[in-house]
Amino acid sequence: GENVEQHPSTLSVQEGDSAVIKCTYSDSASNYFPWYKQELGKRPQLIIDIRSNVGEKKDQRIAVTLNKTAKHFSLHITETQPEDSAVYFCAAALSGNTPLVFGKGTRLSVIA
Amino acid sequence: KAGVTQTPRYLIKTRGQQVTLSCSPISGHRSVSWYQQTPGQGLQFLFEYFSETQRNKGNFPGRFSGRQFSNSRSEMNVSTLELGDSALYLCASSGGTGAYNEQFFGPGTRLTVL
């Protein structure tokens with residue numbers, strides 16, 4: 001089955017700097033890659049997703065890039081703010097009928 | 001719309017006992033998925049139900065089971081609890097079945113097994 005590796009497990013950045021979280025997946029047939037954000041004590045929430053027919057997607061300060069050849073996708077957060085501090089989970093799915101496989105998460109700390 | 005709700009929010013059980021957790025999805029959502037969240041392991045998929053049918057099942061032992069009712073509410077049961085079952089159990093509902101639909105998570109039930 002699909003396996004998703006996520007790096008780094010923890011990341012600290014200065015406020016205003018950029019943060020990059022990378023995930024690799026094992027099954028080249030995977031075609032859907034969402035990112036969820038979980039603030040401390042809160043529930044995970046979808047922040048951005050990308051399909052395999054798209055190489056990059058942006059939404060204000062966040063962007064996701066996908067490299068199908070290398071089987072990896074990354075979350076980019078620019079101009080980080082303290083409210084970006086959270087655990088971020090990447091995930092992958094083989095199809096619309098299969099469940100999401102999540103990475104183990106990255107704890108991002110934005111230092112003011 | 002009201003969000004996904006889960007009851008109870010906290011549970012303390014002892015080894016060998018069984019437990020039932022409940023999840024009420026967002027009104028109109030027919031898909032409910034369950035995940036186990038533990039420190040360092042992320043979110044591990046347990047199972048997904050859609051219209052009372054189990055659509056997908058994760059790699060967990062048979063002690064973990066679930067069901068969905070006609071009103072889309074779902075329950076999961078864990079029998080013969082082990083210490084390693086201590087975790088946050090999250091359910092998520094979505095408007096359709098499968099991964100392409102945004103998962104709306106509940107607050108979770110924190111289970112502690114002593």
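Quick check on region A:46-56. Is at least one of its residues in contact with a Leu (Cβ under 9 Å, 6 or more places away or on another chain), polar (S, T, N, Q) and at pLDDT below 95?
Yes, there is a match, as at least one residue in region A:46-56 is in contact with a Leu (Cβ under 9 Å, 6 or more places away or on another chain), polar (S, T, N, Q) and at pLDDT below 95.
Being within 14 Å of the chain's Cα centre (by Cα), closer than 21 Å to B:Arg63 by Cβ and open to solvent by 80 Å² or more (accessible area, probe 1.4 Å) is the filter here; which residues of region B:8-31 pass it?
B:Tyr10, the sole residue that qualifies.
Restricted to region A:1-33, and to residues that are in a loop (DSSP other than H, G, I, E, B) and within 11 Å of chain B (Cβ to nearest Cβ), which residue is surrounded by the fewest Cβ atoms within 10 Å (Cβ to Cβ)?
Per the criteria, the residue is A:Gly1.
Per-residue answers, yes or no, for (1) closer than 26 Å to A:Gly1 by Cα; (2) touching a Ser or Thr at 6+ places or on another chain (Cβ under 7 Å):
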site: B:Val4; (1), (2): no, yes
site: B:Lys13; (1), (2): no, no
site: B:His29; (1), (2): no, yes
site: B:Ser51; (1), (2): yes, no
site: B:Phe60; (1), (2): yes, no
site: B:Gln68; (1), (2): yes, yes
site: B:Ser72; (1), (2): no, no
site: B:Ser79; (1), (2): no, no
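Tell me, please, whether a residue that is surrounded by 12 or more Cβ atoms within 10 Å (Cβ to Cβ), away from every other protein chain (no Cβ under 14 Å) and closer than 24 Å to B:Thr97 by Cβ can be found in region A:67-90.
yes
Given the conditions (1) facing another protein chain (nearest Cβ under 9 Å); (2) touching a residue at least 24 places away in the same chain (Cβ under 8 Å); (3) not in a strand (DSSP E or B), which single one is not true for A:Arg43?
Condition (2) is where A:Arg43 drops out.
Going by what's in this entry, would A:Ile50 be described as open to solvent by less than 10 Å² (accessible area, probe 1.4 Å) and more than 14 Å from chain B (Cβ to nearest Cβ)?
On the way: open to solvent by less than 10 Å² (accessible area, probe 1.4 Å): yes; more than 14 Å from chain B (Cβ to nearest Cβ): no.
Answer is no for this residue.
Kindly provide the set of residues from region B:82-114 that are open to solvent by less than 30 Å² (accessible area, probe 1.4 Å), more than 8 Å from chain A (Cβ to nearest Cβ) and more than 19 Å from A:Tyr32 (Cα to Cα), ordered by number.
Hits for region B:82-114 are B:Asp85, B:Ala87, B:Leu88, B:Tyr89, B:Cys91, B:Thr109, B:Leu111, B:Val113.
Conditions (1) over 28 Å from B:Lys57 (Cα atoms); (2) under 12 Å from the mean Cα position of the chain (by Cα), marked per residue:
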position: A:Lys71; (1), (2): no, no
position: A:Glu79; (1), (2): yes, no
position: A:Glu83; (1), (2): yes, no
position: A:Leu94; (1), (2): no, no
position: A:Thr98; (1), (2): no, no
position: A:Arg107; (1), (2): no, yes
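What's the number of the condition B:Glu48 fails, among (1) open to solvent by 60 Å² or more (accessible area, probe 1.4 Å); (2) free of Cβ contacts under 8 Å to residues at least 60 places away in the same chain?
Of (1) open to solvent by 60 Å² or more (accessible area, probe 1.4 Å); (2) free of Cβ contacts under 8 Å to residues at least 60 places away in the same chain, only one is false for B:Glu48: (1).
Tell me the residue from A:Lys37, A:Lys58 that is within 14 Å of another protein chain (Cβ to nearest Cβ) and either within 13 Å of the chain's Cα centre (by Cα) or open to solvent by less than 60 Å² (accessible area, probe 1.4 Å) (or both), please.
A:Lys37
The values are calculated or read from the model by the stated rules, or taken from the named source; none is laboratory data. No experiment lies behind these values; they were computed from the predicted model shown. So basically every Cβ, Gly included, is an ideal-geometry build from the backbone, and we count neighbours across all protein chains shown. Ligands, DNA and RNA are excluded from the accessible area calculation, which covers all protein heavy atoms including side chains. Shrake-Rupley method; radii C 1.70, N 1.55, O 1.52, S 1.80 Å.
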